[in-house]
2 protein chains.
Amino acid sequence: MAERTDFRRELGQQLRVDSVRASAAAGSGHPTSSMSAADLIAVLIDSHLRADDHLIFSKGHASPLYYAMLKATGRIDDAELLTFRKLGSRLEGHPTPRIPPTDVATGSLGQGLPIAAGVALAAKRLDRLPYRVWCLCGDSEMAEGSMWESIQHAGWEGLDNLTAIIDVNRLGQTRETMLGWDLDGYVRRLEAFGWHAIAVDGHDVDAIELAYEEAETIRDRPTAVVARTLKGRGVKAVEDQPGKHGKPLDDADEAIAELGGERDLSVRVAAPEGGEPHVFGTAEAQPPSWDLGDEVATRLAYGEALTALGAARGDVVALDGEVSNSTHSEMFREAHEDRYFEMFIAEQQMVAAAVGMQVRGWTPFASTFAAFLSRAYDFIRMAAISRADLRLSGSHAGVSIGEDGPSQMALEDIASLRAIHGSTVLHPSDANQTARLVAAMADQPGISFIRTLRGKTQVRTPAGEDVRIGGSRIAHEGDDVAIVACGITVDQAVAAAETLAGEGISARVVDAYSIKPIDGAALEAAARECGAIVTVEDHWPEGGLGDAVLEALAESDDRPHVRKLAVREMPTSGTPDELMHGAGIDADGIADAARALAREKVG
Amino acid sequence: MAERTDFRRELGQQLRVDSVRASAAAGSGHPTSSMSAADLIAVLIDSHLRADDHLIFSKGHASPLYYAMLKATGRIDDAELLTFRKLGSRLEGHPTPRIPPTDVATGSLGQGLPIAAGVALAAKRLDRLPYRVWCLCGDSEMAEGSMWESIQHAGWEGLDNLTAIIDVNRLGQTRETMLGWDLDGYVRRLEAFGWHAIAVDGHDVDAIELAYEEAETIRDRPTAVVARTLKGRGVKAVEDQPGKHGKPLDDADEAIAELGGERDLSVRVAAPEGGEPHVFGTAEAQPPSWDLGDEVATRLAYGEALTALGAARGDVVALDGEVSNSTHSEMFREAHEDRYFEMFIAEQQMVAAAVGMQVRGWTPFASTFAAFLSRAYDFIRMAAISRADLRLSGSHAGVSIGEDGPSQMALEDIASLRAIHGSTVLHPSDANQTARLVAAMADQPGISFIRTLRGKTQVRTPAGEDVRIGGSRIAHEGDDVAIVACGITVDQAVAAAETLAGEGISARVVDAYSIKPIDGAALEAAARECGAIVTVEDHWPEGGLGDAVLEALAESDDRPHVRKLAVREMPTSGTPDELMHGAGIDADGIADAARALAREKVG
């Protein structure tokens, strides 16, 4: 026992030394935030972490410690450790999946624990395997609501395979945290949310060992190890000192000497318990289709298509933010209860859980009102950095929802989700398009987003027609002017084209159901053949369909006059027709704009 | 006493009846979520709410109850009540400030309480007045992390002028909440976060009265009244029934009869305690300025400018997400400690607190890394619906931050914040521009955002030059090709223009420091006189500067070839120069693009 104790202490010192060395080599980084947690990680890798466990550094700025741990466990060598933060290195400033076995990117505080809860949910309810999820959290990030959102959800789900290790070093970036070293304050909060919580001295390796052992025995609830630590532990010049956040030590050599010098200890992470992930049964399932002329809400088509996809593919899972009877993911729940996750009104945890599930190879679709995806925007941003494959469904787009008013209307979702790296943004205008696109999303890498409508639209796309990411369709033929529409505005654009036809103006309606990537060839053809373009969207003018069209044509030889129709004033309550008319995105508004452009062209 | 009890019961019934009537007239709405809270509100307005108090419905979908209360307190008449949710009515589907005295829009759950905490902070530390803040919360929204973020912060601040009334009606939109009627679960959580919590029967008006009286006497901590209620209380067809969320009652007349029929009770809200808001002393203060050629980080200029503004104007306050030594709001804290608010790493609460302070007429500037404003995106979206005047500062923009890696790099902030209704988006390239724009933001209505840089840039703008929202400046003269840049890329664009000059290509560099509104006249002149445009930004290609330029020229007579340079691959760690070069947004990349366009024009 004493030998083990000594080894762990030495290992902790090695992790500190390597954190100091890596940061010194980089000339930047967070060594002091690493040194506080070194003993916690030393004990974990020495005797608890198994090869099939997941370990997420929610305090991603402790990346020096993370990489020092990868070295100690044989994942990287010392030379690579010293590439920290340099161009081309796999060891980025904050961990990313570029360096295996890193599951997700962290560095935006308050996200690692919600994702860890997602992995733990996958372990229990999907994989049905005994691996554990460990999550190193900082005390500063305990100010983030997302942590408590996750703590509440994990407590409710009774995730006894999840252990949060909270490194209470008391010092944030500029000052003491709200709770300082009030470990009881953390314990009270955690217990109130249904967790088991153990307060320990985070530099007493024996106490840490006992705490981890206890965590592994607790049933029916997650455990938090709340550890009192010293920031910069082990080096007097920085230990427990304010003003030492996020910078290399002034004298690394002296610090390394004070820590007892370099060591070359290594740890073999314990073998996995093994077992194969659970596989859900599948059945022959036809994707749904509708007859031309049917009136169907695309959100309903989403629910039906997802349910059919879930029947055909056991890897597909659904999550919803307690609005499943609005998004229609309730159909999936009813058909595939085992693979449905109720995330309650907690959009950050919903997205994080989906990220955690895709870490394990599952194919999650997460749905809520499109407006409320904005609550999880930072999580979606980080999911892209995590190279996560994530499918989001946002219903109730735009002013066309009507009476509920602007708080429920997504009007910035296309813009914000187009600006996610590698994203796909889809906005089908009818049920058949929706069904095809939902199926395509299952195989789409990166973040894909489908925007669905509250109200019904006419089915215009034949069930057998090719509908694909990056595609579009001509909803009305013409060559005097082009109208590029999506979602609810396609019906309006077709009505406008019919009106214009009666006036001798032939308008082409392009249904741009794939906004990112957009169908550049169809737009170039429209520009060339029609000479002027009206874009129309139930969205603010910035960053949506209109901007996507302008971008697609920016370097084209044909750069026609483009008039963007969009929602320009803050909407109110009203009927869908009244609000679309008021915003100038209904058939009247479209016909006026297209008529003016067509006449300009002639004149 | 018994008379008072009867009156309150009757008043509660009236609020129910009017909620049912308003929803019936609208054909939509949330009467059952209103009926659960009717007694809580009846007692509040009868004997606790004063005219200078603030009452925020965090559960904004209980708008029928809110409007019924406005009628009972003489703010609207019965005819207006029945305009609920109709076009032109001030009574929108969820409350907005269109109907006084509504402070803010609600309807995105989990936001009302954080804003209420902001108003309560303003009361204590800014206004220094005895008004109270009451906040009606739903139990479903207790799943949102933002509620606990706020509960933690309010507990830490000891906001004894804040009372949360939690309407525990047990039923969410589709199912029972996580806690159901486990009032103790809520009480334990709240107490753990430093609140006083009182569990009551939410339909016992005497018990409610006692709870409110108790709340008013508690010192040094906020109070929560945790009320067990029945959704749809008083009408058997819906009372405590699942599936009755968000729809009018099937038989309104029968329900009204069951509730005892219409009443016409009215309440005079108690007179305010009075007192004038505190006024902070001011002093002569010169906005800072720098000499041409100085190398200064715009984030540092932000800190200096804000500090000077705070000296000159007592209404200016600053909030920061515990990164004040990075954003440089620490200078403001040091100079004006009374008006600085440390929000810790809690961006949602930070933005919500700023919204609450501007409700009271203060002029808040809230700062963090621009990347982390994405955490508060839904709050910013709702702030626009609240018609809030809010100033946001986001530092550490783009890949030019270097080694910290992509989690810390704002690359979607211009896009997402352009897509906020009525927003202003500024990205100065040097310190003098920053100082002028910070001063301009103080008087700018709506949401304004200034994006600052981690690294230093050369001061190119003379201190006396006109710098204004909607403006731009020519950083290099030329007319063979135009380069539109902003922020860090202006230096690079000027260097590129100098290289091109040596090749006989005369490039105009437009410094578009105001991205929204953008200087359309300067861009049209560039299009007309230069014939081709390169845009360059340290941001994803979608929704940023390039799209703003394309939009400005979409309907112009001159629609030149526009080549957008932006960050197109996921960045890694590296030096700022390496990363900007890798993204093709440095002087080399800009020169290549501009050269190609200039030659195309000739050829």
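Scanning the stretch B:74-98 for residues that are hydrophobic (A, V, I, L, M, F, W, C) and out of contact with any helix residue (DSSP H, G or I) (no Cβ under 7 Å at 6 or more places or on another chain) turns up just one, B:79.
Checking the condition over 36 Å from the mean Cα position of the chain (by Cα) and under 24 Å from residue A:399 (Cα atoms), which residue from A:489, A:457, A:499 passes? Explain how you work it out, then say what you get.
On the way: A:489 fails: over 36 Å from the mean Cα position of the chain (by Cα); A:457 fails: over 36 Å from the mean Cα position of the chain (by Cα).
Only one candidate qualifies: A:499.
Scan the stretch A:132-157 for residues that are assigned to a helix (DSSP H, G or I), within 22 Å of residue B:374 (Cα to Cα) and of a type in the set (Asp, Glu) and the total you get is 2.
State yes or no: is residue B:170 among the basic types (Lys, Arg), more than 23 Å from residue B:133 (Cβ to Cβ) and more than 8 Å from chain A (Cβ to nearest Cβ)? Walk me through it before giving the result.
Values: among the basic types (Lys, Arg): yes; more than 23 Å from residue B:133 (Cβ to Cβ): yes; more than 8 Å from chain A (Cβ to nearest Cβ): yes.
Here the answer is yes, as residue B:170 does meet what is asked.
When the stretch A:320-345 is limited to residues that are of a type in the set (D, E, K, R) and in contact with a strand residue (DSSP E or B) (Cβ under 6 Å, 6 or more places away or on another chain), the one that is farthest from residue A:159 (Cα to Cα) turns out to be A:333. Out of A:310, A:293, which single residue is in contact (Cβ under 8 Å) with a residue 12 or more places away in the chain and assigned to a helix (DSSP H, G or I)? That would be A:310, the only listed residue that is in contact (Cβ under 8 Å) with a residue 12 or more places away in the chain and assigned to a helix (DSSP H, G or I).
In the stretch A:66-74, the condition of being more than 9 Å from chain B (Cβ to nearest Cβ), buried (at least 24 other Cβ atoms within 10 Å of the Cβ) and touching a strand residue (DSSP E or B) at 6+ places or on another chain (Cβ under 7 Å) is met by at least one residue. Within the stretch B:492-515, the set of residues being surrounded by 24 or more Cβ atoms within 10 Å (Cβ to Cβ) and charged (D, E, K, R) comprises B:508, B:511. Need the failing condition index for residue A:56 against (1) under 14 Å from residue A:73 (Cβ atoms); (2) of a type outside the set (Ser, Thr, Tyr); (3) touching a Cys at 6+ places or on another chain (Cβ under 6 Å), just the number. If we test residue A:56 against (1) under 14 Å from residue A:73 (Cβ atoms); (2) of a type outside the set (Ser, Thr, Tyr); (3) touching a Cys at 6+ places or on another chain (Cβ under 6 Å), just (1) comes out false.
Could you check the stretch B:248-277 and list, in sequence order, the residues that are of a type in the set (A, V, I, L, M, F, W, C) and assigned to a loop (DSSP other than H, G, I, E, B)?
Of the residues in the stretch B:248-277, the ones of a type in the set (A, V, I, L, M, F, W, C) are B:249, B:252, B:255-257, B:259, B:265, B:267, B:269-271.
Correct list: B:249, B:259, B:265, B:267, B:269, B:271.
Would you please name the residue that is farthest from the other protein chains (Cβ to nearest Cβ), looking only at residues in the stretch A:361-403 that are in a helix (DSSP H, G or I) and closer than 30 Å to residue B:25 by Cβ? Show your work before the answer.
Within the stretch A:361-403, the first condition is being in a helix (DSSP H, G or I), and the residues that meet it are A:370-385, A:399-401.
Checking the rest, the ones that are also closer than 30 Å to residue B:25 by Cβ come to A:370-372, A:399-401.
On the way: A:370: 11, A:371: 7, A:372: 6, A:399: 11, A:400: 14, A:401: 9 Å.
Checked the stretch A:361-403; the qualifying residue farthest from the other protein chains (Cβ to nearest Cβ) is A:400.
If you filter the stretch A:404-444 down to residues that are farther than 19 Å from residue A:518 by Cβ and at the interface with chain B (Cβ under 7 Å from one of its Cβ atoms), you find that the one that is surrounded by the fewest Cβ atoms within 10 Å (Cβ to Cβ) is A:408.
Report, by residue number, each residue of the stretch B:152-185 that is within 18 Å of residue B:32 (Cβ to Cβ) and touching a Cys at 6+ places or on another chain (Cβ under 6 Å).
B:166
Yes/no per residue for (1) away from chain A (no Cβ under 13 Å); (2) modelled with pLDDT under 95; (3) surrounded by 23 or more Cβ atoms within 10 Å (Cβ to Cβ):
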{"residue": "B:124", "(1), (2), (3)": "yes, no, no"}
{"residue": "B:133", "(1), (2), (3)": "yes, no, yes"}
{"residue": "B:136", "(1), (2), (3)": "yes, no, yes"}
{"residue": "B:139", "(1), (2), (3)": "no, no, yes"}
{"residue": "B:142", "(1), (2), (3)": "no, no, yes"}
{"residue": "B:151", "(1), (2), (3)": "no, no, yes"}
{"residue": "B:160", "(1), (2), (3)": "yes, no, no"}
{"residue": "B:176", "(1), (2), (3)": "no, no, no"}
{"residue": "B:191", "(1), (2), (3)": "no, no, no"}
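Among the criteria (1) touching a helix residue (DSSP H, G or I) at 6+ places or on another chain (Cβ under 8 Å); (2) facing chain B (nearest Cβ under 10 Å); (3) at pLDDT 95 or above, the one residue A:507 does not fulfil is (2).
Take residue B:355 and tell me if it is more than 10 Å from the chain's Cα centre (by Cα), among the aliphatic types (A, V, I, L, M) and at pLDDT 95 or above. No, not satisfied. Total residues in the stretch B:566-577 satisfying the condition of being without any contact (Cβ under 8 Å) to a residue 60 or more places away in the chain and at the interface with chain A (Cβ under 7 Å from one of its Cβ atoms): the figure is 0. Take the conditions (1) touching a residue at least 60 places away in the same chain (Cβ under 8 Å); (2) more than 30 Å from residue A:10 (Cα to Cα); residue A:286 misses just one of them, which is (1). The set of residues in the stretch A:486-534 being of a type in the set (D, E, K, R) and closer than 18 Å to residue A:560 by Cα consists of A:508, A:519, A:524, A:528, A:529. Is it the case that some residue within the stretch A:315-334 is buried (at least 23 other Cβ atoms within 10 Å of the Cβ) and either more than 14 Å from chain B (Cβ to nearest Cβ) or at pLDDT below 95 (or both)? Within the stretch A:315-334, one or more residues are buried (at least 23 other Cβ atoms within 10 Å of the Cβ) and either more than 14 Å from chain B (Cβ to nearest Cβ) or at pLDDT below 95 (or both). Listed by position, the strands (runs of 3 or more DSSP E) enclosed by the stretch A:512-565 that each have at least 2 residues that are more than 7 Å from chain B (Cβ to nearest Cβ) and among the aliphatic types (A, V, I, L, M) are A:532-536.
Only one residue in B:119, B:104 is more than 10 Å from every other protein chain (Cβ to nearest Cβ), modelled with pLDDT of 95 or more, assigned to a loop (DSSP other than H, G, I, E, B) and on the phi < 0 side of the Ramachandran plot. Which one?
Numbers: B:119 fails: assigned to a loop (DSSP other than H, G, I, E, B).
None of the others qualify; the one that does is B:104.
Taken together, the residues in the stretch A:199-257 that are farther than 30 Å from residue A:117 by Cβ, within 33 Å of the chain's Cα centre (by Cα) and surrounded by fewer than 18 Cβ atoms within 10 Å (Cβ to Cβ) amount to 2. Please verify whether the stretch A:478-485 includes one or more residues that are within 30 Å of the chain's Cα centre (by Cα) and surrounded by 24 or more Cβ atoms within 10 Å (Cβ to Cβ). Yes, because at least one residue in the stretch A:478-485 is within 30 Å of the chain's Cα centre (by Cα) and surrounded by 24 or more Cβ atoms within 10 Å (Cβ to Cβ).
The residues in the stretch B:201-243 that are part of a strand (DSSP E or B) and more than 18 Å from residue B:33 (Cα to Cα) can be counted, and the count is 2. Sub-6 Å Cβ pairs linking a first residue in the stretch B:258-275 that is within 22 Å of residue B:131 (Cα to Cα) to a second residue that is hydroxyl-bearing (Ser, Thr, Tyr), at least 6 apart or interchain, are B:267/B:73; B:269/B:73, ordered by first then second residue. Candidates are the residues of the stretch B:516-564 that are over 30 Å from the mean Cα position of the chain (by Cα) and under 16 Å from residue B:475 (Cβ atoms); the one that is surrounded by the most Cβ atoms within 10 Å (Cβ to Cβ) is B:534. Determine, yes or no, whether residue B:349 is within 30 Å of residue A:414 (Cα to Cα) and within 14 Å of chain A (Cβ to nearest Cβ). Here the answer is yes, as residue B:349 does meet what is asked.
The values are calculated or read from the model by the stated rules, or taken from the named source; none is laboratory data. No experiment lies behind these values; they were computed from the predicted model shown. Here the Cβ is made from the backbone with ideal geometry for all residues, glycine too, and neighbour counts use every protein chain on show.
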